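Below you'll find the structure, written out as structure tokens, and then a few comments.
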Amino acid sequence: MNNLQKRILTSLIILPLSLFFVVKGGYYLFFFLMAVFFIANFELLTVFNKRSTILILDLILILSLFSIYYLANGITLYILLWAIILCVCSDVGGYIFGRIFKWKKLTKISPKKTVSGVLGSFAFSLFSVFIIHIIAIKPNLTDNFLPPMNSLINFLDPKYFFLAIIFSVVAQVGVLTISYFKRVEKIKDTGKILPGHGGIFDRIDGLMFVVILAFILINLNVFW
């Protein structure tokens, strides 16, 4: 099994499992996030050597896990689900466009990142708005698994497409930030727990930054 096949298989297991805990919320989500925290910290302490790097990444991790737990309650759960879907779309779009078009390299921090990949991330991130809109308006799904939707959120409002681009930028900056710290430590992955992906930080690098921004914007009433 090659690396791409491992990556796809791992995603097909991890993504639904993570969404299950997010939607269930409460103690399910709390213990899931605690597991992520301890595994990620094990990675930090065994892979990274610089104390400043460990402290910075741990702070980002803690803020992101707190943001996820905060957002996974009531109507803001839709924003959290959108953030997760958007990050997945951004990653997929960047990978597909980067492999097909192979334009100019974006930065030396992450040699595989290309300008075409950035554009692909933007395009697929916009598509995430339609996905969350369908989820939000589907009555059976809302009644059985998600809190009731109300008129506070209309994902087809133009501002959500603008926010999709902003979130995609933040997700990609997050990926490059973690890549920078890995490059400083001269390592490829932060761990091996996720076949095809590496470690926890390799998988949630962009999401950490997006959920923190989502938490800030919600408290500024940007979404309403």
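The values are calculated or read from the model by the stated rules, or taken from the named source; none is laboratory data. This is a predicted model, so every value here is computed, not measured. Reconstructed Cβ throughout: ideal geometry from the backbone, glycine too, with neighbour counts over all protein chains shown.
Check whether at least one residue in the range 85-94 is surrounded by 17 or more Cβ atoms within 10 Å (Cβ to Cβ), touching a strand residue (DSSP E or B) at 6+ places or on another chain (Cβ under 9 Å) and not aromatic (Phe, Trp, Tyr), and report yes or no.
yes
Here's the yes/no breakdown for (1) under 15 Å from the mean Cα position of the chain (by Cα); (2) within 17 Å of ILE54 (Cα to Cα); (3) not in a helix (DSSP H, G or I):
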{"residue": "ILE165", "(1), (2), (3)": "yes, no, no"}
{"residue": "ALA171", "(1), (2), (3)": "yes, no, no"}
{"residue": "LYS182", "(1), (2), (3)": "no, yes, no"}
{"residue": "ASP189", "(1), (2), (3)": "no, yes, yes"}
{"residue": "PHE201", "(1), (2), (3)": "yes, yes, no"}
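Looking for whichever is part of a loop (DSSP other than H, G, I, E, B), in contact with a Lys or Arg (Cβ under 9 Å, 6 or more places away or on another chain) and modelled with pLDDT under 90 here; the options are PRO147, PRO111. Which one fits? Steps first, answer last, please.
Values: PRO147 fails: in contact with a Lys or Arg (Cβ under 9 Å, 6 or more places away or on another chain).
On inspection, the qualifying residue turns out to be PRO111.
Hey, can you tell me all the residues within the range 170-188 that are charged (D, E, K, R) and either without any contact (Cβ under 8 Å) to a residue 40 or more places away in the chain or buried (at least 18 other Cβ atoms within 10 Å of the Cβ) (or both)?
Answer for the range 170-188, where residues must be charged (D, E, K, R) and either without any contact (Cβ under 8 Å) to a residue 40 or more places away in the chain or buried (at least 18 other Cβ atoms within 10 Å of the Cβ) (or both): LYS182, LYS186, LYS188.
Is it fair to say ILE131 is modelled with pLDDT under 85 and out of contact with any Gly (no Cβ under 6 Å at 6 or more places or on another chain)? Can you show your working first?
Numbers: modelled with pLDDT under 85: no; out of contact with any Gly (no Cβ under 6 Å at 6 or more places or on another chain): yes.
Answer is no for this residue.
Consider only pairs whose beta carbons are under 9 Å apart and that are at least six residues apart or on different chains; among these, list those whose first residue lies in the range 199-223 and is surrounded by fewer than 21 Cβ atoms within 10 Å (Cβ to Cβ) and whose second residue is modelled with pLDDT under 90.
ILE216/VAL222; LEU217/PHE223; ILE218/TRP224; PHE223/LEU152; PHE223/ILE153
What do you reckon, is SER116 surrounded by 15 or more Cβ atoms within 10 Å (Cβ to Cβ), on the phi < 0 side of the Ramachandran plot and modelled with pLDDT under 90?
So SER116 fits the description; yes.
When the residues of the range 182-224 are filtered to those that are at pLDDT 90 or above and aromatic (Phe, Trp, Tyr), which remaining residue is farthest from ASP91 (Cα to Cα)?
Filtering the range 182-224 for residues that are at pLDDT 90 or above and aromatic (Phe, Trp, Tyr), the one farthest from ASP91 (Cα to Cα) comes out as PHE215.
Tell me, please, whether a residue that is closer than 28 Å to ASP58 by Cβ, modelled with pLDDT of 85 or more, assigned to a loop (DSSP other than H, G, I, E, B) and not polar (S, T, N, Q) can be found in the range 154-161.
No: zero hits.
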